[in-house]
Amino acid sequence: MRLPPSLLTLITDSRFLDHDTGCDHPEIPARLQIILAALKQNDSFAGLRFENSRPAERHWLQEVHDESWLFRFEEAVLSGKTSIDHTDNQICYDSYEVAALAAGAGLAAIDLLEQGQTEQAFCLVRPPGHHAERVRPFGFCFLNNCVVAARYWQQRYGRKRLVVFDFDAHHGNGIQSAFEREADSLYVSIHEHPSFSYPGTGYSDEQGFGDGRGSILNLPLSPGAGDEQLLALLNGQVAEKIGQWQPDAMIVAAGFDGHRADEMSGLRYSTGLYEKIGQSVRRWSNLHCGGRLLSILEGGYELTVLGESVEAYVQGLLSQ
Amino acid sequence: MYISRYMIKEPLTVTPDMLLPEARRLLTENNFRHLPVVDRDGRLVGMITDRDLRSAYPSSMLAESERLLAYEQVEKAVVADIMSVDCVGLTPESTLDDALLLFDRDRMGALPVLEDGRVVGIFSSRDLLAAYKELFGIGEKGSVLLGIDDNGQKGFMTRIVTLLEQHEIPFTRLLRIYDAEHGNHRIYLRLNTFKIAQVVNLLREAGINTVV
Ligand SMILES: [Zn+2]
């Protein structure tokens, strides 16, 4: 018996809790537990379907990362190191496997989307990915989940023209470096201005090189900017760029650390803003790419508001 | 902070007797804007810029016959005819600050670097920008700039540094700038960590307030 397509499938896995970052670290397992609890107790989300992730095959990881980095990462966890390259990047024995499983969530989701088994998908994963570079980790990120998913969609299903829209408070330097020389892959990011914010990249004049000129759109916001400033960009430059781009598929790097209560950035978004973002990405994907929409969790560290922020975003995704 | 680390070494040079079309070709092909002019011994005799060349060529506003005549003359002219001769040079021991002050004073785009009168390099305002970008860590991946409210207390900088070092928080730049308008100091700290909230809290607990 074939099940009717679910409106929204959440790809997650209890293994994601096994990436142990030690004490005094913002990127902790409780982030996911809180999100899942919030989504499960919301009665209006009764139609949500939950699926487990699967590990990304090595060759898909290698589409994004140098083998030398994968070896180094694997070796570091197996040898019992507690961090890699920087004390920000805390690891434990399970971290490599968990990161590969997080990178595989997008693949599992894309299969479901392409087989018509779900209308949209949201990967609730950790560790996050958008800071991870080809050969090294950055800012709590080890494998670039969004870019691995992008490569899979482009190569396995021929959805060549692809956009990643990133509303995490921080610039996704790893996604930018993957896309900045490519004519078919667009990266659009709204983030706190790099003069004040980690990782110090994402200036508006970074627009891509060579064939990729114009494939990067960085929209920095000043510290203190909130809903009004984000919505102006969302309904203005972002909507316009994605409309002109005419993508075959859309990936959203969904980070919730721009919330006014989240100390990881100086942005001042409200919880309700995430619903509007959800509505917009849903609308764009229906207008421009046949509804092919995949969201992947990035940051969001303030546990008192993370659950409700993700709830609001999901509410937006489900709007008609 | 000597410019020798940042200058272009052994730059392309031209001789005073080179014909203008040839000099123009060199500038366009290499996408240069300045060329040092040297004698047989490599000694600086002048500088030639893309702007000098542009103004040497006849304006398109001229009548066709006049333009052709002027054009013929330019094609026969040599570098020595249009180069600027009274140019200032830097030395490998010049500092970035020397270069900045000279650029600022003379509105120059690039300066030759001389050793015993010989051209050993060229240093442009773009090289200067790149050097300062590196010095201040602008665009450095994995860093963040934090403003700190200077309360004017004795030993304030020491307290900041000690606190960071005790907690093994990597940082790479610490600047204290006097703000004449407000009569106080501003402090900027470049942290190389993503755990910003922890650092802000740590500083706050020690009575050190961060500002945007
Ligand atoms: Zn973030």
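Rule-based calculations on the coordinates, nothing more; no lab input. These numbers come from a predicted model, not from an experiment. Methodologically, a virtual Cβ is constructed for each residue, glycine included, from the backbone with ideal geometry; neighbour enumeration extends over all protein chains shown.
Counted over the protein assembly as shown, the DSSP beta bridges are approximately 50% antiparallel.
Counting every alpha-carbon pair across chain B, the share separated by more than 24 Å comes to 59%.
Electrostatic tally near A:H130: other residues with Cβ closer than 10 Å to its Cβ, Lys and Arg +1, Asp and Glu -1, net -3. Residues whose amide H lies under 5 Å from that of B:V120, counting only those 5 or more places away or on a different chain, are B:V113, B:L114, B:E115; hydrogens are built 1.01 Å from N in the peptide plane. The Kirkwood hydrodynamic radius of the protein assembly as shown, based on inverse pair distances between different Cα atoms, is 26.2 Å. For region B:3-133, the relative contact order is 32 percent, taking Cα pairs closer than 8 Å that sit 6 or more residues apart in sequence and dividing their mean separation by the residue count. Residues A:F196, B:F136, arranged from fewest to most other Cβ atoms within 10 angstrom of their Cβ, appear as B:F136, A:F196.
Taking amide H as placed 1.01 Å from N in the peptide plane, B:F171 has its amide H under 5 Å from the amide H of B:N192, each at least 5 places away in sequence or on another chain. For each pair in A:K40/A:K81; B:K133/B:K154; A:K160/A:K241; A:K40/A:K276; A:K40/A:K160; A:K81/B:K195, compute the distance between the two Cα atoms and list the pairs where it is over 29 Å. A:K40/A:K81; B:K133/B:K154; A:K40/A:K160, as the Cα separations exceed 29 Å there. Farthest towards the positive end of the charge dipole of chain A, among the residues A:A108, A:T118, A:L36, is the Cα of A:T118, using unit charges on the Cβ of Lys, Arg, Asp and Glu.
Shielding by partners for peptide B:188-195, expressed as the average number of C-beta atoms from other protein chains within 10 Å of each residue's C-beta, is 5. Report the calculated FRET efficiency for B:R105 and B:V211 (r = Cβ-Cβ distance, R0 = 35 Å), to the nearest 0.05. Efficiency at R0 = 35 Å is approximately 0.55. Residues of chain B were split at every exposed loop site, defined as GluC sites (Glu not before Pro) in a DSSP loop with at most 13 other C-beta atoms within 10 angstrom, and the longest piece left, sites excluded, is B:1-92. Using only side-chain charges placed at the Cβ, +1 for Lys and Arg and -1 for Asp and Glu, the dipole size of the protein assembly as shown relative to its Cα centre rounds to 740 debye.
Please compute P(r) over all alpha-carbon pairs of region A:237-297, binned at 10 Å starting from zero, and give each bin as a whole-number percent. Going from the shortest bin to the longest, the percentages are 22, 45, 27, 6.
Around the Cα centre of region B:143-211, unit charges on the Cβ atoms of Lys, Arg, Asp and Glu (plus for the first two, minus for the last two) sum to a dipole of about 100 debye.
Under the convention that each Lys and Arg Cβ holds +1 and each Asp and Glu Cβ holds -1, the size of the dipole of region B:3-133 around its Cα centre is about 380 debye. Across region A:87-137, counting alpha-carbon atoms alone, Rg and Dmax equal 13.3, 43 Å. The length gained by stretching the chain between B:N151 and B:L163 to full extension, at 0.36 nm per residue less their Cα-Cα distance, is 2.7 nm. Across chain A, Cα pairs under 8 Å and at least six residues apart give a relative contact order of 18 percent. For region B:1-47, applying the loop criterion from DSSP together with a ceiling of 11 other beta carbons within 10 Å to the chymotrypsin sites (Phe, Trp or Tyr not before Pro) yields no site.
Shown for B:M47, B:M157: other C-beta atoms within 10 Å of each C-beta, ranked fewest to most, produce the order B:M157, B:M47. Fewest-first ordering of A:K276, B:K195, B:K76 by other beta carbons within 10 Å of each residue's beta carbon gives B:K76, A:K276, B:K195. Once backbone amide H atoms are built at 1.01 Å from N, B:V45 has B:V37, B:V38, B:D39 as its partners under 5 Å, excluding neighbours fewer than 5 places away on the same chain.
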